[in-house]
Amino acid sequence: MSDILFDDLILDTPETHAIKYTGSKLKLLSYILNLSKKVTGNLKNAIIFDGFSGSTRVSQAYAKAGYRVYANDIAPYTKVFNTAFLMNTKEPKSYQPLIDHFNSIKPVDGWFTEHYGGDGTQKISANGDGLKKPWQKKNTRKLDAIREEIDKLELDEVTKSVAITSLILALDQVDSTLGHYASYLNEWSPRSYNDMKLEVPNLWVNNKKNVVMNQDIFNAIKNLPDNINIAYFDPPYGSNNEKMPPSRVRYASYYHIWTTICLNDKPEIFGKAKRRADTSDTVAGSVFEEFRKSESGRFIVIEAIEKLIKETAANYIILSYSSGGRATAQELSNVLNSYGKIIEIEKINYKKNVMATMKWTNDWVKDVEKENLEYLFLMEKR
């Protein structure tokens, strides 16, 4: 099979709008859509389940490409993003007066400023409690005022989600982080000096009856209709480094602030990054981020992937996985072939900007361990 997957590759990937996000599939969207197109053909009748929506870029791309989407993720902020983008039925410009209203609100000192705002005129180490901060106070004061106003207006769910999404996207443009909130920069980033300004997100009018779910993945797959064409899974990865303790890329802790902004619950917080108490390593984290082995001697994450594949009722499954994840090539091969037939594998090397399409061979099993690559597995379920 040649390196070119199709003669009619989707070159113009639908535009998506999201925050900076670890493990974002922005660069994979064209590959995911092309694999989907290969097995669905007529987009008008195809239904997609995105089980780990995360930043929602994949769900957005599917919906804008013409699919009907069931989008799920356990994270509160993902539910908000998905609701804003997938459930909107209004012209985007209709939200402009509301966004203008938020931008005109007088800033106030509140809970977010107390815990996450710093003085940009001083060194970070000299700010109040001496801790690094993700934003400057001029922007957290706007955050405090706007977030309280959103609740006061008693908006419908979609409009409220659009408002919160707009707020989070604006904050993402003026932060002083590396893109997550488990730690912050030692010096203020240049963008943190900018004034936060809300804008209408890149919405569109949805003509399909999309569904937004906010459940544990194993509960979600039990609540799906029986006519799902493709289930797309991008589970979080635990490191395959035997010397490394549990993966610290735990999304609940990396994006704890977005959860708090969505819920506006002013939770108990801890640590230098002032994380939510419910995101501590002892209580947060997905089974797919596990690093330990079960009593059977298999990695827990492998057993979780096997359960996921086994229990998913869909015609096809697309699994996204990194060669740096805990699951190995051979283990994934065994799992996928146990419950169906592998049709296609795409290998993406971001550094070399190379995509190769291959059949399942022993050569691939050996190759996967040599580089840090992203793989997309397309399988047909039995």
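Quick one: length gained pulling Lys27 to Asn194 fully straight, 0.36 nm per residue minus the C-alpha distance?
Full-extension gain reported as 57.4 nm.
Run the numbers for Glu15 and Phe270: contour at 0.36 nm per residue of separation, minus the present Cα-Cα distance, in nm.
Net length gain for the segment: 88.1 nm.
For the ranges 224-233, 58-67, what's the packing order if you count other beta-carbon atoms within 10 Å of each residue, average per peptide, and put the highest first?
With the highest mean Cβ count within 10 Å placed first, the list reads 58-67, 224-233.
For the residue pair Lys152 and Lys209, what label-to-label distance in nm results when each label sits 7 Å from Cα along the Cα-to-beta-carbon direction?
3.8 nm
Quick one: if the Förster radius is 51 Å, what FRET efficiency do Ala277 and Lys38 give, using the C-beta to C-beta distance and rounding to 0.05?
After rounding, the FRET efficiency stands at 0.65.
Within region 60-195, what whole-number % of the accessible surface is contributed by carbon and sulfur, with the 1.4 Å probe and all protein chains included in the calculation?
Looking at region 60-195 in its full context, I get 51 percent from C and S.
Between Ser338 and Phe218, what is the spin-label point distance in nm, taking each point 7 Å from the Cα along the Cα→C-beta axis?
Here the answer is 1.5 nm between the modelled labels.
Please work out whether region 150-195 counts as rounded, prolate or oblate from its C-alpha gyration tensor, where a ≥ b ≥ c are the square roots of the eigenvalues and a/c under 1.5 means rounded, while otherwise a/b larger than b/c means prolate and anything else oblate?
Note, shape of region 150-195 comes out prolate.
Taking the Cα atoms of region 74-208 alone, what are Rg (to one decimal) and Dmax (as a whole number) in Å?
15.7, 52
7 Å from Cα along Cα→Cβ at both Ser183 and Ser294: what's the point-to-point distance in nm?
3.4 nm
Across region 147-232, how many lysine pairs, 8 or more apart or on two chains, come within less than 24 Å at their alpha-carbon atoms?
Eligible lysine pairs with Cα atoms under 24 Å apart amount to 7.
I need the GluC sites (Glu not before Pro) found in region 156-203, filtered to DSSP loop residues with at most 16 other beta carbons within 10 Å of theirs.
Glu187, Glu199
Taking the Cβ of Glu268 as the centre, find all other residues whose Cβ is under 13 Å away and add up their charges (Lys, Arg: +1; Asp, Glu: -1).
+2
The values are calculated or read from the model by the stated rules, or taken from the named source; none is laboratory data. Predicted model, so just to flag it, every value in this text is computed and none were measured. So basically every Cβ, Gly included, is an ideal-geometry build from the backbone, and we count neighbours across all protein chains shown. SASA here: full protein model, heavy atoms, side chains in, ligands and nucleic acids out. Shrake-Rupley method; radii C 1.70, N 1.55, O 1.52, S 1.80 Å.
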